[in-house]
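The values are calculated or read from the model by the stated rules, or taken from the named source; none is laboratory data. Model, not experiment: these values are computed from the prediction. Please note: Cβ atoms are built from the backbone with ideal geometry, for glycine as well, and neighbour counts cover all protein chains shown.
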Amino acid sequence: MKGAVLWLAVVAAGVATFAIKLVGHLLPRHWLAKPQVARVAALVTVALLSALVAVQAATRGGHVVLDSRLAGLGAAAVALVAKAPFVVVVLVAAVVTALLRWAGLP
Amino acid sequence: MSSAVRQAVSVALATGLYGVSFGALSVVAGLDVWQTMALSLVMFSGGSQFAFIGVAGSGGSPGAAIATAALVGLRNALYGPQVAPLIEVTGPRRLLAAQLTIDESTAVGTAQRDPAAARAGFWWTGAGVFLLWNAFTLVGALVGDSAGDPRRYGLDAAAAAAFLALVWPRLSNRTAQAVAGAAVVVALSTTPVLPSGVPVLLAAAVAVLVGVLWRSRPAAAVTDAVASHQSEGASVRRVEEPGS
């Protein structure tokens, strides 16, 4: 995606996300207040974010590629266990990965 | 300052700050500074924004990027019914309330005991996060714009870590952990054969399947019922603890 197509996607995704928020305010309360709806929505978020972790950490150009990113991700997990704030978690992953690459690893 | 406003300010600061990582990673993923700002202003939902740049940055189609961002944002629809009775707004202000309905404002608003504090908590958190998130997104985008090769600085791993940090507090029960594991397997095993972005959406389909089938098994063991009850309790607790 580039240029105008990317712009269109940005705007469309933004409008869609806003519409979803608005629906929650406009629909009759009992429609969305069902436990099963809440459960499916929660699991969809978990599945998407987990899949994004995997794709971002272990694939490149349509192939599974294992490299220094995994060590960075592992370090991020340690930071999360230690209850580090979001920014620290992200920085730890970047620093560990950058150091390993500086040392010559892929 | 009331305790609701104090909470709002601290949550807004913590959340706004990670707008830096979003701004930087968005530019690294191939969006320009303006497109990055458009996401923070219009989409204004961290998980959806990271999802969009994650799919766009790995060569996904516009449809896959839009669908992934929207699906990650589905939970925001469930916050409306919790927030609307607290703030009781009508007319155009409903549009503003809807835009500010995110994880953090819902958490702070619903955690208050009296109605005035709930309204203050929701609006102060929503407005505070909006201002700081956008300001720090701009800072991050400008920093990211001046960084050279993103891989050299480990920024590809940073993006993965951002997703991990977003999903981490949601993994408090067995079902969520099982779905997370299945999502990873589905995404990695289908990556070589499907267009970029589609494996992530396929993982969401697995979650829908699990969420629906769970209920439709009346013979489910007692342990299942207990686990499901605990998971609902856990998700309520999560919403009540800002910044967790």
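Below, the figures for the structure above:
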quantity: Residue in region B:40-67 that is surrounded by the fewest Cβ atoms within 10 Å (Cβ to Cβ), counting only those that are facing chain A (nearest Cβ under 7 Å) and farther than 23 Å from B:ARG151 by Cβ; calculated: B:VAL42
quantity: Subset of region B:203-219 that is crowded, with 18+ Cβ neighbours inside 10 Å and closer than 26 Å to B:ALA56 by Cβ - its residue that is nearest to the chain's Cα centre (by Cα); calculated: B:ALA204
quantity: Wholly enclosed helices (runs of 4 or more DSSP H) of region A:2-106 bearing at least 1 residues more than 27 Å from B:GLY63 (Cα to Cα); calculated: A:29-32, A:35-58, A:68-81, A:86-102
quantity: Count - residues of region B:183-197 that are surrounded by fewer than 20 Cβ atoms within 10 Å (Cβ to Cβ) and either touching a Leu at 6+ places or on another chain (Cβ under 8 Å) or more than 7 Å from chain A (Cβ to nearest Cβ) (or both); calculated: 6
quantity: Index of the failed condition, A:PRO28 passing every other in (1) at pLDDT below 90; (2) at the interface with another protein chain (Cβ under 7 Å from one of its Cβ atoms); calculated: (2)
quantity: Only one of A:VAL96, A:VAL11, A:VAL78, A:VAL5 that is under 25 Å from B:LEU202 (Cβ atoms), out of contact with any strand residue (DSSP E or B) (no Cβ under 6 Å at 6 or more places or on another chain) and not acidic (Asp, Glu); calculated: A:VAL5
quantity: Of all residues making up region B:8-19, the number that are surrounded by 22 or more Cβ atoms within 10 Å (Cβ to Cβ) and closer than 16 Å to B:GLY144 by Cβ; calculated: 2
quantity: Of all residues making up region A:1-55, the number that are of a type in the set (Val, Ile, Thr) and buried (at least 19 other Cβ atoms within 10 Å of the Cβ); calculated: 9
quantity: Matching residues in region B:35-86 - criterion: being more than 25 Å from B:LEU131 (Cβ to Cβ) and under 11 Å from the mean Cα position of the chain (by Cα); calculated: B:LEU71, B:LEU74
quantity: Qualifying positions in region B:136-159 - crowded, with 22+ Cβ neighbours inside 10 Å, at the interface with chain A (Cβ under 7 Å from one of its Cβ atoms) and either within 25 Å of B:LEU13 (Cβ to Cβ) or not small (Gly, Ala, Ser) (or both); calculated: B:LEU155, B:ASP156, B:ALA158, B:ALA159
quantity: Candidates A:ALA51, A:ALA77, A:ALA82, A:ALA98, filtered to the one that is more than 18 Å from the chain's Cα centre (by Cα), modelled with pLDDT of 95 or more, among the aliphatic types (A, V, I, L, M) and within 25 Å of B:ARG174 (Cβ to Cβ); calculated: A:ALA82
quantity: Residue match in region B:70-77 (condition: in the same structural domain as B:GLY148 (by TED's automatic domain parsing) and touching a residue at least 40 places away in the same chain (Cβ under 8 Å)); calculated: yes
quantity: Options B:ALA165, B:ALA120, B:ALA178, B:ALA116; residue that is within 8 Å of chain A (Cβ to nearest Cβ) and either more than 18 Å from A:VAL90 (Cα to Cα) or under 19 Å from the mean Cα position of the chain (by Cα) (or both); calculated: B:ALA165
